[in-house]
Amino acid sequence: MEQIQQLVLDPLKPYLKPITTNLPGPINDVAISLLGKPCHSALLLDLDFASHPECVSLAISKALGIGIITAASVVKVPQILKLVKSGSSEGLSFASYLLETASFVITLAYNIRNGFPFSTYGETSLIAVQDVVISVLILVYSNKTAQAGAFLTAIGGTVYALMVSNDLVSNSQMTSLQAGAGALSIASKLPQIITIYNEGGTGQLSAFAVFNYLFGSLTRIYTTLQEVDDKLILYGFVAGFILNAVLAAQMIYYWNSPPTAGHGKELDSKGGIQGSDQKRSVGLATAEDTRSTASTKVKPSSGSMRRKA
């Protein structure tokens, strides 16, 4: 950092300071709210990075957090568009999205109640909304419209109990729920992993969403270490990263698989289906031979007819 300060920042100070010290009011206020006055003064006004490495780490964490929130606003839009365009929910697990939505709603409420910086959890609110949309589409395309209505009602009641009302769920209960949310987050990935394995393909699953999740969960480990002293949240992100890595590996492995491929069908195509086809062919040939033999036995010869006459 000292070398960067000496070789890059110090020579550029005469050119950068007039800009950083005269930022528009709203931008300057946002910078202060994100970094705090000491780090704002050190990094933007003095351009002194070498003497304040903790401020540099904080600035990186804030930038990554804002980047994640920005990406989260559209991370599952391709998945939604893919569902609507295909009119099929093949390859997607409703149980996976149900568990993930529950996990995000609890985590969002926990962060809000504890007053953590929005930059460390803001994407959960955006992704949760998109998860609800995808869950409803999965149910609708599976001809389960009534269940979709019940799902929306349950989500609305949960949001009210955790975020609107202060009497239904106490702070201690909220802590217990957050511990469970980590388990839900882990469990939410398992049905999707199993579905992909069983079907032998990723179906309508969006690669954009999978790889963004992988990058986002890795980045969240860093931002949590920098800004949030809460092991419950940290362990949840670590576990989520591991399972997101498994999903990403499946996405790569099944990249060229047809959407309708099934693992059982794939196995059959290598042995079972071919074997059954061979058995059918043998069976048909045997049947033909049997019919030919039978007709030969039934049809009397001309010599025998003459003898009877």
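Condition test on Ala154, is it closer than 18 Å to Tyr97 by Cβ, of a type in the set (A, V, I, L, M), free of Cβ contacts under 8 Å to residues at least 12 places away in the same chain and surrounded by fewer than 20 Cβ atoms within 10 Å (Cβ to Cβ)? Before you say what the answer is, go through the steps one by one.
Details: closer than 18 Å to Tyr97 by Cβ: yes; of a type in the set (A, V, I, L, M): yes; free of Cβ contacts under 8 Å to residues at least 12 places away in the same chain: yes; surrounded by fewer than 20 Cβ atoms within 10 Å (Cβ to Cβ): yes.
In short, yes.
Test of understanding: among Ile273, Ile252, which residue is modelled with pLDDT of 80 or more, more than 24 Å from Thr70 (Cα to Cα) and either touching an Asp or Glu at 6+ places or on another chain (Cβ under 7 Å) or not in a loop (DSSP other than H, G, I, E, B) (or both)?
On the way: Ile273 fails: modelled with pLDDT of 80 or more.
Unique residue meeting the criteria: Ile252.
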* To do: Looking for whichever is of a type in the set (A, V, I, L, M, F, W, C), out of contact with any Leu (no Cβ under 7 Å at 6 or more places or on another chain), modelled with pLDDT under 90 and on the phi < 0 side of the Ramachandran plot here; the options are Leu98, Leu168, Leu184, Leu108. Which one fits?
  => Leu168
* Residue in region 75-87 that is surrounded by fewer than 18 Cβ atoms within 10 Å (Cβ to Cβ), among the polar types (S, T, N, Q) and part of a loop (DSSP other than H, G, I, E, B) present -> no
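Scanning for something without any contact (Cβ under 8 Å) to a residue 60 or more places away in the chain and of a type outside the set (A, V, I, L, M), does region 189-212 turn up at least one residue?
Taking region 189-212 as the starting set, the residues that turn out to be without any contact (Cβ under 8 Å) to a residue 60 or more places away in the chain are 193, 207, 210-211.
Still in the list and also of a type outside the set (A, V, I, L, M): 211.
Yes, region 189-212 contains a residue that is without any contact (Cβ under 8 Å) to a residue 60 or more places away in the chain and of a type outside the set (A, V, I, L, M).
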* Is at least one residue of region 37-57 among the charged types (D, E, K, R), part of a helix (DSSP H, G or I) and touching a residue at least 24 places away in the same chain (Cβ under 8 Å)? -> no
* If Cys39 passes every condition in (1) of a type outside the set (Val, Ile, Thr); (2) out of contact with any helix residue (DSSP H, G or I) (no Cβ under 8 Å at 6 or more places or on another chain); (3) surrounded by 15 or more Cβ atoms within 10 Å (Cβ to Cβ) but one, which one does it miss? -> (2)
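The values are calculated or read from the model by the stated rules, or taken from the named source; none is laboratory data. Keep in mind it's a predicted model, so treat the numbers as computed, not measured. As a convention, Cβ positions derive from the backbone with ideal geometry for all residues, glycine included, and neighbour counts pool all protein chains shown.
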